[in-house]
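Novice: Pasting a structure here, questions to come.
The values are calculated or read from the model by the stated rules, or taken from the named source; none is laboratory data. Just so it is clear, the model here is predicted, and its values are computed rather than measured. All Cβ positions, glycine included, derive from the backbone under ideal geometry; neighbour counts span all protein chains shown.
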Amino acid sequence: TKIGDLDDSAAGRTVLIRGATQAIRPVSKKMAFVVLRQSMSTVQCVLVASADAGVSTQMVRFATALSKESIVDVEGVVSLPKEPLKATTQQVEIQVRKIYCINRAIPTLPINLEDAARSEAEFEKAEQAGEKLVRVGQDTRLNYRTIDLRTPANQAIFRIQCQVENKFREFLLSKDFVGIHTPKLISGSSEGGAAVFKLLYNGQPACLAQSPQLYKQMAICGGYERVFEVGPVFRAENSNTHRHLCEFVGLDAEMEIKEHYFEVCDIIDGLFVSIFKHLTENCKKELETINRQYPCEPLQYLEKTLKLTYEEGIQMLKEAGTEIEPMGDLNTESEKKLGRLVKEKYGTDFFILYRYPLGVRPFYTMPCYDNPAYTNSFDVFIRGEEIISGAQRIHTPELLAKRATECGIDASTISAYIESFSYGAPPHGGFGVGLERVVMLFCALNNIRKTSMFPRDPQRLVP
Ligand code: ATP
Ligand code: AMO
């Protein structure tokens, strides 16, 4: 039986449930409560010693001696509670007839699940009432991630993540994209810069792919008009921030462009509006569960995604008193401020900023035809933080080699990629999304480690 399915209609039925013992409350020698949990759902089981029910006092004693988080099988009869139960648990009880321990957890766990599941507001309320509760720090949670993952919010977060990934595939498949897989062991950098993990590949210097960039473009050169990939991305950047990981899940897409690179923006518009709608309409329980521990304002977005030029963005920041270098990159603080300004003016947490200066974009980015100091590129933001980068790409080998050299990349190290554009290459563009960032920012969580099941950051390689 699934605990989440138990409601009034099951009253009187005998059920067999396997679950984890979340809480054990002895009442007397003859009576005890055991709260059983399966993923996001819990149910209260009642043991009352009675000859009629075949429940002995030894059985009650056995149940009260179980350690928290042990795995048990319970056989019992579903009953309606005398008084309403907590809203977070199923509104029925199980009158236990038999209980078997399948696997016992150690008596004292390194973190207390009840503490790990509390919201900041609960801690503050308890403190004001003079109660001492233990806050479980981020590092401790990650050290004991298998326990931490059992909190309702964490159960919900990775279900949301799965839905985002699934919708990404579903939407792009419906638009005739083909799912591909590109190598993660590659010979050099794909984004430029030094942020690559180096290794030896049968004695030859190699590295872990910083993105599928070069290969997704080569797939377009290979005649696949539209491709996407979901796969790991490795960045050896020493970024100890709330939004950088050394390994994350990249959702990448690349497509032929017929007239204008806004065709890529239109795909992003349709894709993300469909993801947001799906989450809001079909993942209510998950979102409520996350909100209970991490309250947030629901994401505001427009039916047609707002697009602003980089210059308009800079202008808005200037008017709001931010000193800003017109051809430089926006720092995290300016991006967040721009997010707030855009929300005030246009009522959306989700927007596209396009036409970035050439100097702040990777070498493969197509310069604007009318003014090569700018590029046919864009970033996409949720709540003032970047979730996507994308652009039209250079599809002529001469310009590509020239731009690589200008950006300090030895063109001979990527000659196979550059040569691909000599054999007939259509105009094309694409984008890359960070999955963990989408979930973090959709749910307004404060740290990307909360949306990576086993995060890899500059300090962490285990568990
Ligand atoms: P992208 O790689 O597409 O640019 P990103 O969000 O990782 O995505 P970065 O260019 O790496 O963007 O950084 C954007 C901003 O984030 C930087 O301008 C900087 O302000 C901030 N940032 C990056 N790394 C760090 C760091 N280690 N510490 C503090 N801030 C950082
Ligand atoms: P970029 O480097 O901007 O672009 O990466 C694309 C998206 O990936 C996410 N991201 C990260 N997430 C977690 N930790 C990190 N260290 C990290 N770095 C980036 C962000 C970002 O928007 N090849 C291009 C994409 C393209 O043009 O198609 C690229 O890799 O959400």
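Novice: If you go through the range 22-38 one residue at a time, do you hit one that is among the polar types (S, T, N, Q), modelled with pLDDT of 95 or more and in contact with a helix residue (DSSP H, G or I) (Cβ under 6 Å, 6 or more places away or on another chain)? Before you say what the answer is, go through the steps one by one.
Specialist: Of the residues in the range 22-38, the ones among the polar types (S, T, N, Q) are 22, 28, 38.
Going one step further and asking which of them are modelled with pLDDT of 95 or more, we end up with 22, 28, 38.
Subsequent filtering for residues that are in contact with a helix residue (DSSP H, G or I) (Cβ under 6 Å, 6 or more places away or on another chain) retains 38.
Taking every residue of the range 22-38 in turn, at least one turns out to be among the polar types (S, T, N, Q), modelled with pLDDT of 95 or more and in contact with a helix residue (DSSP H, G or I) (Cβ under 6 Å, 6 or more places away or on another chain).
Novice: Next up: Which residue is nearest to ALA411 (Cα to Cα), if the candidates are limited to the range 208-228 and must be more than 13 Å from ligand 2 (Cβ to nearest atom) and assigned to a loop (DSSP other than H, G, I, E, B)?
Specialist: For the range 208-228, the residue satisfying everything is GLY222.
Novice: Counting only residues that are surrounded by fewer than 15 Cβ atoms within 10 Å (Cβ to Cβ) and aliphatic (A, V, I, L, M), how many does the range 86-118 have?
Specialist: 4
Novice: Can you tell me how many residues within the range 1-36 are in contact with a Pro (Cβ under 9 Å, 6 or more places away or on another chain) and either under 23 Å from ARG292 (Cβ atoms) or assigned to a helix (DSSP H, G or I) (or both)?
Specialist: 1
Novice: Of all residues in the range 136-150, count the ones that are within 21 Å of HIS242 (Cα to Cα) and part of a loop (DSSP other than H, G, I, E, B).
Specialist: Total meeting the criteria: 4.
Novice: I would also like to ask the following. Condition check: surrounded by fewer than 17 Cβ atoms within 10 Å (Cβ to Cβ), more than 29 Å from CYS283 (Cβ to Cβ) and small (Gly, Ala, Ser). Does SER79 satisfy that?
Specialist: Judged against the criteria, SER79 is a match.
Novice: Given (1) buried (at least 18 other Cβ atoms within 10 Å of the Cβ); (2) closer than 23 Å to TYR356 by Cβ; (3) within 16 Å of ligand 1 (Cβ to nearest atom); (4) not small (Gly, Ala, Ser), where does ILE414 come up short, assuming only one miss?
Specialist: The number of the failed condition is (3).
Novice: In addition: Quick check on LEU353: is it more than 13 Å from ligand 2 (Cβ to nearest atom) and either of a type in the set (Lys, Arg) or touching a strand residue (DSSP E or B) at 6+ places or on another chain (Cβ under 9 Å) (or both)?
Specialist: Against the criterion (more than 13 Å from ligand 2 (Cβ to nearest atom) and either of a type in the set (Lys, Arg) or touching a strand residue (DSSP E or B) at 6+ places or on another chain (Cβ under 9 Å) (or both)), LEU353 does not qualify.
Novice: Of everything in the range 319-341, what is touching a Gly at 6+ places or on another chain (Cβ under 8 Å), more than 16 Å from ligand 2 (Cβ to nearest atom) and under 25 Å from LYS304 (Cβ atoms)? Give them in sequence order.
Specialist: Applying the first criterion (touching a Gly at 6+ places or on another chain (Cβ under 8 Å)) to the range 319-341 yields 327-328, 330, 335-340.
Narrowing the set further to residues that are more than 16 Å from ligand 2 (Cβ to nearest atom) leaves 327-328, 337, 340.
LYS337, ARG340 - these are the residues of the range 319-341 that are touching a Gly at 6+ places or on another chain (Cβ under 8 Å), more than 16 Å from ligand 2 (Cβ to nearest atom) and under 25 Å from LYS304 (Cβ atoms).
Novice: Further question: Determine which single condition SER420 fails, assuming it passes every other condition in (1) within 16 Å of ligand 1 (Cβ to nearest atom); (2) farther than 28 Å from ARG145 by Cα.
Specialist: Unmet for SER420, out of (1) within 16 Å of ligand 1 (Cβ to nearest atom); (2) farther than 28 Å from ARG145 by Cα: (1).
Novice: In the range 229-241, which residues are within 16 Å of ligand 1 (Cβ to nearest atom) and either surrounded by 15 or more Cβ atoms within 10 Å (Cβ to Cβ) or part of a strand (DSSP E or B) (or both)?
Specialist: If the condition is that a residue be within 16 Å of ligand 1 (Cβ to nearest atom) and either surrounded by 15 or more Cβ atoms within 10 Å (Cβ to Cβ) or part of a strand (DSSP E or B) (or both), then PRO232, VAL233, PHE234, ARG235, ALA236, GLU237 are the ones that fit.
Novice: Further question on the same structure: Which members of the range 37-63 meet the condition of being in a strand (DSSP E or B), in contact with a strand residue (DSSP E or B) (Cβ under 7 Å, 6 or more places away or on another chain) and surrounded by fewer than 19 Cβ atoms within 10 Å (Cβ to Cβ)? Quick ask: steps written out before the conclusion?
Specialist: First pass over the range 37-63, keeping only residues in a strand (DSSP E or B): 37-38, 41-48, 50, 55.
The next check asks that each one be in contact with a strand residue (DSSP E or B) (Cβ under 7 Å, 6 or more places away or on another chain); those that pass are 37-38, 42-48, 55.
Result: GLN38, VAL46, VAL48.
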